[in-house]
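*Asks:* Mind having a look at this structure? Questions to follow.
The values are calculated or read from the model by the stated rules, or taken from the named source; none is laboratory data. Since the model is a prediction, treat every value here as computed from it, not as a measurement. Every residue, glycine among them, receives a Cβ derived from its backbone with ideal geometry; neighbour counts consider all protein chains shown. When the accessible area is computed, the model is the full protein with side chains, heavy atoms only, and any ligands, DNA or RNA have been set aside. Shrake-Rupley method; radii C 1.70, N 1.55, O 1.52, S 1.80 Å.
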Amino acid sequence: MKDLNNISRLSRLTAILTMLQSKKILTSSEIAKKFDISKRTAYRDIKALEASGIPIYTVEGKGYSLVDGFNVPPVMFTEEEANALITAHHIILQNRDKSLVKNHSSAIEKLKTTLKSAGKEKVELLSQRVAYMKNFKRENSSDSLSDIQKAITDLKIIKIDYVNAAGVSSSREIEPQALYHTQENWILIAWCRKRNAFREFRLDRIQKLVVLNQKFDDRSFLLLDYFAELIELAKKHS
């Protein structure tokens with residue numbers, strides 16, 4: 001148990017360092033809230049980072065900051081590139097899939113670590129001045145997009161419990177092929193082993209999803225060809 005606690009704290013210290021690199025000023029309250037710890041524990045974590053040689057200084061009455069220029073990553077973003085990613089992030093925040101929002105937020109935090117002090121201030125300002133007016137309630141209706149994306153690239157079979165438009169539940173194993181997004185929902189195109197055909201599944205209707213440790217053969221699926229076939233079928237039935 002002691003080893004697990006040490007691993008947990010090491011992960012937290014690493015995450016705190018990332019937060020320090022992504023913000024001009026970081027408060028103990030922000031650290032405590034982020035990791036559900038006390039301010040006293042947050043203070044001890046900061047001291048531990050200092051003891052390990054991380055150049056942290058205290059901004060009196062405000063919080064903690066890193067010495068400017070410390071550990072600047074080799075990959076740098078221009079101001080225009082950073083602005084484009086921050087703007088895209090506001091669109092991602094409105095997405096209904098929780099896993100996409102979470103992973104993109106983590107990526108943006110890492111992006112901020114590549115910026116110098118002036119760049120961080122500009123990014124924080126832009127973040128407050130950009131809005132994307134959709135999904136007003138900020139509702140998340142799925143949390144499986146990231147797992148499905150990885151299953152597509154790893155060629156892993158997925159087992160799902162699914163509720164269709166008529167409210168009928170079923171369990172099935174599928175071979176995930178591709179994803180597309182409508183104005184409201186993410187749609188998964190997969191080879192359904194139960195129906196022995198390609199089927200589409202709305203992510204918000206997947207009640208349970210398990211990525212199996214079992215691979216399927218690559219079907220060389222082409223999304224554009226799939227859409228072209230749908231258009232042809234639609235023409236025939238029109």
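*Asks:* Let me confirm something: among N103, N95, which residue is polar (S, T, N, Q), out of contact with any strand residue (DSSP E or B) (no Cβ under 6 Å at 6 or more places or on another chain), open to solvent by 30 Å² or more (accessible area, probe 1.4 Å) and touching a residue at least 24 places away in the same chain (Cβ under 8 Å)? It would help to see each step written out before you state the result.
*Replies:* Values: N95 fails: open to solvent by 30 Å² or more (accessible area, probe 1.4 Å).
On inspection, the qualifying residue turns out to be N103.
*Asks:* Does any residue of region 98-107 turn out to be at pLDDT 75 or above and touching a Pro at 6+ places or on another chain (Cβ under 7 Å)? Talk me through it step by step, then tell me what you get.
*Replies:* Residues of region 98-107 that are at pLDDT 75 or above, as a first pass: 98-107.
Then drop every residue that is not touching a Pro at 6+ places or on another chain (Cβ under 7 Å), which leaves none.
So far as region 98-107 goes, no, none of its residues is at pLDDT 75 or above and touching a Pro at 6+ places or on another chain (Cβ under 7 Å).
*Asks:* So, in region 186-238, exactly how many residues are in contact (Cβ under 8 Å) with a residue 40 or more places away in the chain, among the basic types (K, R) and open to solvent by 70 Å² or more (accessible area, probe 1.4 Å)?
*Replies:* Residues flagged as in contact (Cβ under 8 Å) with a residue 40 or more places away in the chain, among the basic types (K, R) and open to solvent by 70 Å² or more (accessible area, probe 1.4 Å) within region 186-238 amount to 3.
*Asks:* Here are some conditions: (1) in contact with a Lys or Arg (Cβ under 9 Å, 6 or more places away or on another chain); (2) hydroxyl-bearing (S, T, Y); (3) modelled with pLDDT of 85 or more. Y57 meets all but one. Which one does it not meet?
*Replies:* Condition not satisfied by Y57: (1).
*Asks:* Condition first: more than 24 Å from the chain's Cα centre (by Cα) and either open to solvent by less than 40 Å² (accessible area, probe 1.4 Å) or at pLDDT below 90 (or both). Now tell me which residues in region 28-42 satisfy that.
*Replies:* Once the filter is applied, which keeps residues that are more than 24 Å from the chain's Cα centre (by Cα) and either open to solvent by less than 40 Å² (accessible area, probe 1.4 Å) or at pLDDT below 90 (or both), region 28-42 yields S28, T41, A42.
*Asks:* Could you tell me whether region 66-73 includes any residue that is open to solvent by less than 60 Å² (accessible area, probe 1.4 Å) and either among the hydrophobic types (A, V, I, L, M, F, W, C) or over 17 Å from M19 (Cα atoms) (or both)? Lay out the reasoning, then the answer.
*Replies:* Quick first cut of region 66-73, residues open to solvent by less than 60 Å² (accessible area, probe 1.4 Å) only: 66, 69, 73.
Add one more test, that the residue is either among the hydrophobic types (A, V, I, L, M, F, W, C) or over 17 Å from M19 (Cα atoms) (or both), and what stays is 66.
Yes: one or more hits.
*Asks:* Among the residues of region 180-206, which ones are over 15 Å from A165 (Cα atoms) and among the β-branched types (V, I, T)?
*Replies:* Residues satisfying the conditions are T182, I189.
*Asks:* Among the numbered criteria (1) assigned to a helix (DSSP H, G or I); (2) of a type in the set (A, V, I, L, M); (3) over 12 Å from K24 (Cα atoms), which one does A118 miss?
*Replies:* Of everything listed in (1) assigned to a helix (DSSP H, G or I); (2) of a type in the set (A, V, I, L, M); (3) over 12 Å from K24 (Cα atoms), A118 misses just condition (3).
*Asks:* Also, quick follow-up: What single numbered condition from (1) under 21 Å from the mean Cα position of the chain (by Cα); (2) modelled with pLDDT of 95 or more fails to hold for E184?
*Replies:* For E184, the exception is condition (2).
*Asks:* Across region 140-185, which residue is nearest to D97 (Cα to Cα) among those that are in a strand (DSSP E or B) and open to solvent by 40 Å² or more (accessible area, probe 1.4 Å)?
*Replies:* We begin by selecting, within region 140-185, every residue in a strand (DSSP E or B); these are 142, 156-163, 169-181.
Add one more test, that the residue is open to solvent by 40 Å² or more (accessible area, probe 1.4 Å), and what stays is 156, 159, 161, 169, 171, 173, 180-181.
Values: K156: 21, K159: 19, D161: 17, S169: 21, S171: 21, E173: 21, Y180: 13, H181: 11 Å.
Among residues in region 140-185 that are in a strand (DSSP E or B) and open to solvent by 40 Å² or more (accessible area, probe 1.4 Å), the one nearest to D97 (Cα to Cα) is H181.
*Asks:* Also: Hey, can you tell me all the residues within region 14-27 that are more than 17 Å from S105 (Cα to Cα) and either of a type in the set (V, I, T) or over 24 Å from the mean Cα position of the chain (by Cα) (or both)?
*Replies:* Within region 14-27, I25, T27 meet the criteria.
*Asks:* Also, I was wondering about something else. Checking S141 against (1) under 19 Å from the mean Cα position of the chain (by Cα); (2) more than 27 Å from S106 (Cβ to Cβ): exactly one of these is not met. Which one?
*Replies:* Tallying (1) under 19 Å from the mean Cα position of the chain (by Cα); (2) more than 27 Å from S106 (Cβ to Cβ), S141 fails exactly one: (2).
*Asks:* Could you check region 201-228 and list, in sequence order, the residues that are more than 23 Å from the chain's Cα centre (by Cα), assigned to a strand (DSSP E or B) and of a type outside the set (S, T, N, Q)?
*Replies:* As a first pass, look at region 201-228 and keep what is more than 23 Å from the chain's Cα centre (by Cα): 214-228.
The next check asks that each one be assigned to a strand (DSSP E or B); those that pass are 214-215.
K215 - this is the single residue of region 201-228 that is more than 23 Å from the chain's Cα centre (by Cα), assigned to a strand (DSSP E or B) and of a type outside the set (S, T, N, Q).
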